[in-house]
Amino acid sequence: MTSTSQENTNLLAILAPCTFVLIWSTGFVFAKMALPYAETMTLLATRFLLAVGLLLLISLIWKAKWPRDPMQVLHIAVAGILLHATYLGGVFASIELGLQAGVAALIVGIQPLLVAFAAGIFLKEKITTRQWIGLILGVSGVILVVWAKLENGLGTPLGVSIAILALFGISIGTVYQKRFCGEMDLRTGAVIQYAAASIPTGILAYFTESMIINWTGEMVFAMFWLVVVLSVGAISLLYILIRKGAASKVSSMFFLVPPTAALMAWVLYDETFRSTALVGMTMTVIGVALVNLRPIKKLGLRTRPS
């Protein structure tokens, strides 16, 4: 490989995970942008069905491999309900109930902490002292932020509870997918997952909501972003990262999502973190970093692979 090719490869390895984390962070602020024009489950069911159509087209064009074992399809569907219906449903509902986008991002942002400890219990992976410290620091930081926000009337206990439900949804879903869906093609797997997620959200929308969407210019743009950029674009980028062996870098950088989302929410919606909440945010980010970042080898700069 030429030096130029090697430099391009190294640059991609750095920029692609950063881009993924940046795109992922936008989900919280665009959820807040879309929610004034549609109720939570109606918005999500519509988003999932649009994503199914686009990803199905992509899968057919690329001739992606479909799972043949019905049990594998079931596992993929269960993971989809946890990762999309439960996680996104919880995030969107909590924001609709008044929880700030930055706080919702912070609560679900400790997902790597819960996943690390769930993997230790269910997948027999070793939990280090550094990770224990990270867990305590991260959870304490979230409690501090939530306490400060509720004390100032920003959000409700119900909104916080639903965000915590979303946290457990993505945490359990991540471990479940790692355990049962490790071999799935991300394109066809995403079709199955979004289709499965559209069922409970669609049922809830039908029985509990008006199912009316106000298609303003802002709503169209938000839906375009949520479907094309996030549901399709982010999945495609993750697929490329896995093919290039850079997926571990995304995991190690996940601690950047809450502050990135909080910064976007501050710019777009004037959401702020006062001194107590800012301390809590910092504690949580450091805690997630302690759990996720791999130790640096003493005699080199390369990190230990996941």
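Brief remarks on what is shown
- Each Cα pair under 8 Å and six or more residues apart adds its sequence gap; the mean of these over the residue count of the range 20-292 is a relative contact order of 43 percent.
- Coupling constants for the range 276-281 follow from the phi torsions by the Karplus curve (6.51 cos²θ - 1.76 cosθ + 1.60, θ = phi - 60°), and in residue order they are 5, 5, 5, 4, x, 4 Hz; glycine and proline get x.
- Euclidean distance of C-alpha centroids, the range 107-186 and the range 48-101, integer Å: 19 Å
- Among 100, 62, 26 - extreme Cα towards positive end, dipole of the range 20-292, charges at beta-carbon: 62
- Extension gain, residue 286 back to residue 132 (0.36 nm per residue minus Cα-Cα distance, nm): 54.2 nm
- Each peptide among 95-103, 256-264, 48-56 gets the average number of other Cβ atoms lying within 10 Å of its residues, and from highest to lowest they stand as 95-103, 256-264, 48-56.
- Gyration tensor (alpha-carbon) shape descriptor, the range 20-292, a/c threshold 1.5: oblate
- Each peptide in 200-207, 108-115 gets a packing score, the mean of other Cβ atoms within 10 Å over its residues, and the list from highest to lowest is 108-115, 200-207.
- Across the range 136-149, rounded Karplus estimates of 3J(HN,Hα) from the backbone phi angles (6.51 cos²θ - 1.76 cosθ + 1.60, θ = phi - 60°) give 4, 5, x, 5, 4, x, 5, 4, 5, 5, 4, 4, 5, 5 Hz, Gly and Pro being marked x.
- Overall form of the range 44-200 per C-alpha gyration tensor (a/c, 1.5; a/b vs b/c): oblate
We did not get these values from a lab; they are worked out from the coordinates using the rules stated. Since the model is a prediction, treat every value here as computed from it, not as a measurement. Using ideal geometry, Cβ is built from the backbone for each residue, glycine included, and neighbour counts are taken over all protein chains shown.
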